[in-house]
Structure formats: structure tokens, C-alpha cells
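For reference, the structure is listed below as C-alpha cells.
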Amino acid sequence: MELMWPSGVTGVLLLAVVLTLLATRVVARRRTAAHTVRPDREAEERARAAARDEERPWRTQLVDALNQPALLFDDAGRLHAANASALELMAIRTAERGASILETTASTAIVEIAARVRADREPMTVDVERAGRELRVSVSLIGDEALIVLADRTRERQIEDLRRDFVVNASHELKTPVTAIQTLGDAIAVTLPTDPVRAASLLKRLNDESERLARLVGELLDLRRLEVAGPLERVPVNLSEVVRLVVADLLSRAEGNGIEIDVDVPDNAPIAGVHADLEAVVKNLVSNAVKYNRVGGRVSVGLRTEGGARILTVADSGIGIRQQDLPRIFERFYRVDTARSRETGGTGLGLSIVRHAVERHSGTVQVESALGEGTTFRVTLPIGADG
Ligand code: ADP
């Protein structure tokens, strides 16, 4: 019998149907095959990666040798090597060889950067936020493999933010007395010929403002000095002497407000430290105890030795500080009551200077307060080698 091909349109249609059916079956078979052998493929991929590593162990060595957190992904985007600092930064316990970029870094941003670098074949550096940290991610290709080098910029970023805020706040604080001095100067020029008595009172205010400006600049410079890192030029400083001199200086101001200052310090209490820092600590604490007091109030300054440390306490019977404000009072320019602080010549920098100076001496400062009853600051300073 002769085999006959169908002819005409019906024939073409029949052929098309047969071909489509065949193709579908092939695809279906392939799909099932792909589906069922996937775990094997993953195992194969891992084995291939291990074999490649044996062939070229330098890749793992290279990543280990980098002193920055680094990860290397192969041409299929599977983890090939990660150094210990990368695991620590990414909070991964063990590097899962063959894991994807997303599985390893848990960051879709890093996945996208790696894809861009692979497509453009150009290295890229981008800052990425991941789990509350700011990471600088640099991706480059070594052949077909993607090297991801990370840097934790969280701390740097915080310092940058603090610096920016500080410049804004400091400029704002400086502007107030500068504007007042300009305005008062103009007013004095106009008043002097006609009303010398008023001019004299304006002059007194101008003097107060220029003092405030000088204090602010002085305190900003103190803060700057305290922030310089490095070993301290320590000398023996008699803390008792520092307390006595500071109190003597503040006595007339305290008496003007009917405030009594009790001093209970030993004759001699040396510590190894920087004189200007320790003087700033005592001066800021005692002057605050006078400033934030009430008429007829009391300030007690005590100094004792416990273990290898001197403990300075400055207690007042003043206005007190609310519990919610206590954690913030050591911040620069933080004031509970801005009007009262300004009125008494405050800059909002005093306690920040105290904290820096104490920490530079490896000491601690604590505060307890009851609103309307008073506040106690306790500073603990190690006596140190020369004390
Ligand atoms: P200031 O120059 O305003 O006094 P500080 O940094 O010395 O700045 O203090 C910050 C804020 O903490 C003050 O503005 C004040 O509100 C509060 N404060 C500091 N010491 C005392 C104190 N002994 N009693 C009550 N409030 C205080």
C-alpha cells in the first residue's frame, strides 16, 4: 500500500496539530524532569562549586585575605566564598556555599546592584540600608564572578548627622547674642545724645550679651578640646582645692539669691588628670546647682574616696528635673526650660562638657532628681597612677 500525505488546507492543519502535540509532550516531559531533578541539580551545583574551589583555591584565600567584609558569588550568582567579617556583619552563622545573593545578604538592593554590575560589566559602589545599619556596598566582577565588598558606615553616618546638627544648633545659638549686640549698638547710638540714662541701661544689656557670646565661644572651644582623641597630659590635681576655688568664685552669686553652699571635702584629694577638665566639671555642676535653685535654697558639695576612686557629689534643693528629661540633659544644647537657662546665662553646653571631661578620665557621672525637691549629681573619678 502506498503511503499518502493528506493534501490541501486540511493536510497543513493536521500536520500543525500533530507537531504542536508532539512539542507539548516534549516540554511537559522536560518540565517534569526539571521539577523532579532540582534537588540533584542543587547538589550538583554545590559539588561543581567545591570542585572549582579545589581547582582555584585562591578565590577563597583572596576573600579571606581582604580586611573588609567580602563575599564572592560565582557566574550563576551562587555564594562561593565569604570571609569571617562578612559573616559577622551580615549576622550569618555559617556561609552556605551555593546560596543565592538574596539568601546570603537578605537585601534586594544588593541583588539589584549585583545584577546591574553583571549587565553593565562596570563596578559600582552604593550605600544601602540593611537591618538598621548603613552599608557601603562595592560590587565588581572578577571574570564572571561577582566580588561584593562591604563597609559598615553606621557609626560614621551617625557622627556626620551629629556634626551637621551641631553646626546648625551652634550657629543658631551664636546668632541670638550677635543679633542682640547689633540691635543694642544701634539703639545706643540713637539714644546716647538725647537720653544718656537709657543709653547706660542699654549698654549694660549689651555687656551681658557680649559676655554670653564670650561664654558660648569659650564652651564651644572647651568641647572641641575635650573631643580631641589621644592620651591625656595628666598631672596630679588636688580635687579638694579645685572645689574650694570654684565655690569661692560662686559664693557671691549664691548669696545674692540667699543660697547657702556647704562644702565637705578633705584637705587633700589628688587625682591624675587634666586640671582644666576637672575644674570645668566642678564649675558646671556647682553653678547649675546655684542657677536651678530657689531663693533660700541649699547646695552641698562633698568629696570622698572609695576604692581607687574619688566620688564628688553636688546636691541641691532646687527645682529638680523630670524623669523623662534626665536621659537628655547631657546632650549638647539640651535645656529643660530654655527661658530659665537663657535668663541665667546658660548655654546648654555645661553638662555635655561635664560628661566628656569625666569620660576622658575614665570616670562616670550619675544623676538623681525629684521634681520640686532637688537634684544630686555623683561623679566617680579613678585616682589614676599619679594621684
Ligand atoms: P545650661 O547652660 O542651660 O545650664 P547645662 O548643659 O548645664 O546647660 O544643663 C542642661 C539643662 O539641664 C539645663 O538647661 C537645666 O534645664 C537642666 N539642669 C542642669 N542642672 C540642673 C540642676 N542642678 N537642677 C535642675 N535642672 C538642671
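The values are calculated or read from the model by the stated rules, or taken from the named source; none is laboratory data. As the structure is a computational prediction, the values presented were derived from the model and not from experiment. A quick note on method: Cβ atoms are made from the backbone with ideal geometry, for glycine too, and the neighbour counts reach across all protein chains shown.
Residues in the range 81-102: is at least one at pLDDT 90 or above and over 22 Å from GLU129 (Cα atoms)? The answer is yes, given that some residue of the range 81-102 is at pLDDT 90 or above and over 22 Å from GLU129 (Cα atoms). For GLU368, state whether it is touching a strand residue (DSSP E or B) at 6+ places or on another chain (Cβ under 8 Å), charged (D, E, K, R) and in the same structural domain as VAL286 (by TED's automatic domain parsing). Yes; evaluated as a whole, the condition is true for this residue.
Within the set ARG360, ARG298, ARG335, the sole residue that is farther than 26 Å from VAL274 by Cα, buried (at least 16 other Cβ atoms within 10 Å of the Cβ), at pLDDT below 95 and basic (Lys, Arg) turns out to be ARG335.
The set of residues from the range 324-337 being free of Cβ contacts under 8 Å to residues at least 12 places away in the same chain and more than 8 Å from the ligand (Cβ to nearest atom) comprises GLN324, PRO327, ARG328.
Per-residue answers, yes or no, for (1) at pLDDT below 95; (2) within 15 Å of the ligand (Cβ to nearest atom); (3) within 29 Å of the chain's Cα centre (by Cα); (4) within 25 Å of THR375 (Cα to Cα):
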residue	(1), (2), (3), (4)
LEU226	yes, yes, yes, no
PRO236	no, no, no, no
LEU239	no, no, no, yes
VAL243	no, no, no, yes
VAL246	no, yes, no, yes
PRO266	no, no, no, yes
THR305	no, no, no, yes
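What do you reckon, is THR375 within 23 Å of GLU209 (Cα to Cα), within 10 Å of the ligand (Cβ to nearest atom), in contact with a helix residue (DSSP H, G or I) (Cβ under 9 Å, 6 or more places away or on another chain) and outside the structural domain of VAL168 (by TED's automatic domain parsing)? So THR375 does not fit the description; no. In the range 307-316, the count of residues that are basic (Lys, Arg), at pLDDT 95 or above, away from the ligand (no atom under 16 Å from the Cβ) and crowded, with 20+ Cβ neighbours inside 10 Å is one or more.
Here LYS291 fulfils each of the conditions (1) in contact with an Asp or Glu (Cβ under 6 Å, 6 or more places away or on another chain); (2) surrounded by 22 or more Cβ atoms within 10 Å (Cβ to Cβ) apart from (1).
Of all residues being among the β-branched types (Val, Ile, Thr) and over 48 Å from the mean Cα position of the chain (by Cα) in the range 182-223, which is surrounded by the most Cβ atoms within 10 Å (Cβ to Cβ)? Just the residue, please. Selected residue: THR191. Out of all the residues in the range 272-279, is one or more exposed (fewer than 14 other Cβ atoms within 10 Å of the Cβ), in a helix (DSSP H, G or I), away from the ligand (no atom under 15 Å from the Cβ) and not acidic (Asp, Glu)? Taking every residue of the range 272-279 in turn, at least one turns out to be exposed (fewer than 14 other Cβ atoms within 10 Å of the Cβ), in a helix (DSSP H, G or I), away from the ligand (no atom under 15 Å from the Cβ) and not acidic (Asp, Glu). In the range 210-232, the residues that are under 11 Å from LEU349 (Cα atoms) form Cβ pairs under 8 Å with partners that are surrounded by fewer than 17 Cβ atoms within 10 Å (Cβ to Cβ) and of a type outside the set (A, V, I, L, M), at six or more places apart or across chains, as follows: ARG215/GLY345. Sub-6 Å Cβ pairs linking a first residue in the range 60-73 that is farther than 18 Å from ASP152 by Cα and in a helix (DSSP H, G or I) to a second residue that is modelled with pLDDT of 90 or more and among the small types (Gly, Ala, Ser), at least 6 apart or interchain, are THR60/ALA81, ordered by first then second residue.
Consider THR179 carefully, then state whether it is out of contact with any Lys or Arg (no Cβ under 8 Å at 6 or more places or on another chain), more than 30 Å from ARG133 (Cβ to Cβ) and outside any helix (DSSP H, G or I). No, not satisfied. ALA254 meets the conditions (1) assigned to a loop (DSSP other than H, G, I, E, B); (2) out of contact with any Ser or Thr (no Cβ under 8 Å at 6 or more places or on another chain); (3) within 16 Å of the ligand (Cβ to nearest atom) in every case but one. The failed one is (1).
When SER362, SER287, SER352, SER341 are checked against the criterion of being near the ligand (Cβ under 9 Å from one of its atoms), under 26 Å from the mean Cα position of the chain (by Cα) and not hydrophobic (A, V, I, L, M, F, W, C), a single residue qualifies: SER352.
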